[in-house]
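Below: one structure, written as structure tokens.
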Amino acid sequence: MTVAARAVGFGLPLAVLIAWVLARYRFPGRSLLNALVHLPLVLPPVVTGWLLLIIFGIRGPVGSLLDAWFGVRLVFTSTGASLACAVMTFPVMVRSVRLSLETVDPGLELAARTLGAGRLDRLFNITLPLASPGILVGGIVAYATCLGEFGAVITFAANIPGETQTLPLAIYSALQIPGGEKQAADLSLVSLALALIGLLISEWAGKRLNAALGR
Amino acid sequence: MSLVFRLRHRFPSAQTEMDMAFEVPSPGLTVLFGPSGAGKSTVLSAAAGLLRPDSCRIEVDGRVLADTNCGIWLPPERRRVGLVFQDSKLFPHMSVATNLRFGMRRTEPGLVEYNEVVELLGIGALLGRRPHTLSGGERQRVAIGRALLAQPHLLLMDEPLANLDAARKAEVMPYLTSLKTALRLPVLYVSHALEEAMQLADSMVLLEAGHVMGYGSISEIAGRADLPLARRDDAAALLLCHVAGHDHGRALTRLESGEATFWVPLLDAPVGAGCRIRVPAREVILAGKAPEEISLHNIVSGTVRRVAEGPERHSALVEIALSGGALLSRVTSDAIARLRLRSGSSVLALIKSTSIEVLPA
């Protein structure tokens, strides 16, 4: 649960930033950035996890620096699991945020501009509030997806109960033990309920926000 | 004080270069008038700072907003130029009051007071509501208020009434008229509705195909026979008048414009009140000497200043100079020949009192 919360907590702001850049600016390398963001969606999760291991592993280019400077180790820790989840759900968040950013009327930003609002002022007071339904939905769906993340997490952060174990990992482990079917079934039910609740909340919150925005 | 504007710009897709320059008095409402594609929106975008033309200089009351020759180009957010959009562009996630305060909170306090604007625009009852619950006319009034409260040095209005139906237009119009007199502010107002322009404008800039055909006070521009306006079917001269007296017995009101006197059906306005009258060119009859025993009330003497070709074959437009402006008359070429009219001739203009349209000032 905390793994997923942290993944969304760190992933979402970055996703908003990337989505904003992709939706508003045309620059060389934009397609490349777009492709990179969407890569985890099409890549087998195990490959993503393995790539993370290469980059953020203790001997990896980023991982070694993190270890040397901050003493932070990502591999096989719950932080690492969060990172894996964040990367996996990043495309979902970016897509959702970007779609809602694109529905924001640029004329409103122009209006804010003529009223004396600078770039960040416009972003925080006009653009983001108006895109909030998409941001929220993106966050909730990403959270639910994180809870179910399997491939990248097991590769990058392993399967440590109480630390990096996500729901499917727990279910998988339970199934490995003779007589664990009961536990697996219970966990599956929990998973089902969480997914359903997540979708319902996102639907409801989206509607409420849209109503507040007068759509 | 004045508003000086000069712009040269060539759009990548356009054949010719736009080249527009005009100077109009400030404060005052200047209508930019012309067909679509004439360059009206380009002028507004450049004035707001949203479009950077190849070369441009904008000066309002001695304050330079832009001068590309000296590298001065204030960005829109620091230019203090208010813009009212055709479709209001109110922020949907804020209440009317928050919308109104948006620009106000981002600038130092100035001459425009919150309560005064709310009262002038009659939006006091709407303050707690959300933009999507307002009617089109209400939305435009709030948008105007929002722009004004940002304490602009120049207010731009991009066809603010274009998306409203006739009833809503009639609802917003009086607010615009009263605003115009209450605020000491230059306003550039884009319109392609002549009626609206005639009622609101102090000055007018006529644009066509990226060039200025003429600019000046509204009565000057409306009374010129050589401008495209005069060739329209609804061409009419415009005169600024004041109510000089009422004749209740005859149910007539006497209006004065310079030395010319006009009798119109009794008005409900106090003596001394200002108003403007529209005299359609097709309703003005010309005469060499005054006819006797005639039903019409208005025989105005003037001097022919210009005779221009009319919109149809064998027709002509005569511009008659009065002390307070000019009248236009659309007659046949034959009439010109018979009366031997040329610039400088004295002539009498005969106008039925019911043909004169009185606009509220």
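The values are calculated or read from the model by the stated rules, or taken from the named source; none is laboratory data. This is a predicted model, so every value here is computed, not measured. All Cβ positions, even for glycine, are placed from backbone atoms using ideal geometry, and neighbour counts span all protein chains on display.
Numerical summary
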item: Of all residues in the stretch B:36-81 being among the acidic types (D, E) and at negative phi, the one that is nearest to the other protein chains (Cβ to nearest Cβ); result: B:E77
item: Selection count where residues are of a type outside the set (V, I, T) and over 18 Å from the mean Cα position of the chain (by Cα), scope the stretch A:90-132; result: 23
item: Qualifying residues in the stretch B:174-216 (those that are among the hydroxyl-bearing types (S, T, Y) and in a strand (DSSP E or B)) - the one surrounded by the most Cβ atoms within 10 Å (Cβ to Cβ); result: B:Y189
item: Residues of the stretch B:102-135 satisfying the condition of being part of a helix (DSSP H, G or I), surrounded by fewer than 17 Cβ atoms within 10 Å (Cβ to Cβ) and in contact with a helix residue (DSSP H, G or I) (Cβ under 8 Å, 6 or more places away or on another chain); result: B:Y114, B:E116, B:G124
item: From the options B:V264, B:V279, B:V300, B:V318, residue that is more than 25 Å from the chain's Cα centre (by Cα), touching a residue at least 12 places away in the same chain (Cβ under 8 Å) and in a strand (DSSP E or B); result: B:V300
item: Some residue of the stretch A:9-18 being surrounded by fewer than 20 Cβ atoms within 10 Å (Cβ to Cβ), modelled with pLDDT of 80 or more, of a type outside the set (K, R) and more than 20 Å from A:G138 (Cβ to Cβ); result: no
item: Unmet requirement for B:P92, which otherwise passes all of (1) within 11 Å of chain A (Cβ to nearest Cβ); (2) surrounded by 17 or more Cβ atoms within 10 Å (Cβ to Cβ); (3) under 23 Å from the mean Cα position of the chain (by Cα); (4) not basic (K, R); result: (3)
item: Tally, over the stretch A:100-147, of residues that are over 30 Å from B:A147 (Cα atoms) and more than 14 Å from every other protein chain (Cβ to nearest Cβ); result: 11
item: Meets criteria (within 21 Å of A:L213 (Cα to Cα), modelled with pLDDT of 85 or more and touching a strand residue (DSSP E or B) at 6+ places or on another chain (Cβ under 6 Å)) for B:Q86; result: yes
item: Filter pass, B:R146 being facing chain A (nearest Cβ under 9 Å) and either in contact with a strand residue (DSSP E or B) (Cβ under 9 Å, 6 or more places away or on another chain) or polar (S, T, N, Q) (or both); result: yes
item: Residue check, B:D87 more than 10 Å from every other protein chain (Cβ to nearest Cβ), in contact (Cβ under 8 Å) with a residue 60 or more places away in the chain and not hydrophobic (A, V, I, L, M, F, W, C); result: no
item: Verdict on B:R80 being buried (at least 20 other Cβ atoms within 10 Å of the Cβ) and either touching a His at 6+ places or on another chain (Cβ under 8 Å) or without any contact (Cβ under 8 Å) to a residue 12 or more places away in the chain (or both); result: yes
item: Residues of the stretch B:316-331 classified as among the polar types (S, T, N, Q) and at pLDDT below 90, total; result: 1
item: Residue among A:A157, A:A184, A:A131 that is touching a helix residue (DSSP H, G or I) at 6+ places or on another chain (Cβ under 7 Å), at pLDDT below 75 and either hydrophobic (A, V, I, L, M, F, W, C) or more than 25 Å from A:T48 (Cβ to Cβ) (or both); result: A:A157
item: Any chance A:A5 is small (G, A, S) and within 19 Å of A:M88 (Cα to Cα); result: yes
item: From B:E171, B:E195, residue being without any contact (Cβ under 8 Å) to a residue 60 or more places away in the chain and under 10 Å from the mean Cα position of the chain (by Cα); result: B:E195
item: Any hit, the stretch B:196-204, residues being among the small types (G, A, S), more than 30 Å from B:V304 (Cα to Cα) and out of contact with any Pro (no Cβ under 9 Å at 6 or more places or on another chain); result: no
item: A:R73 modelled with pLDDT under 85, under 30 Å from B:V142 (Cβ atoms) and surrounded by fewer than 17 Cβ atoms within 10 Å (Cβ to Cβ); result: no
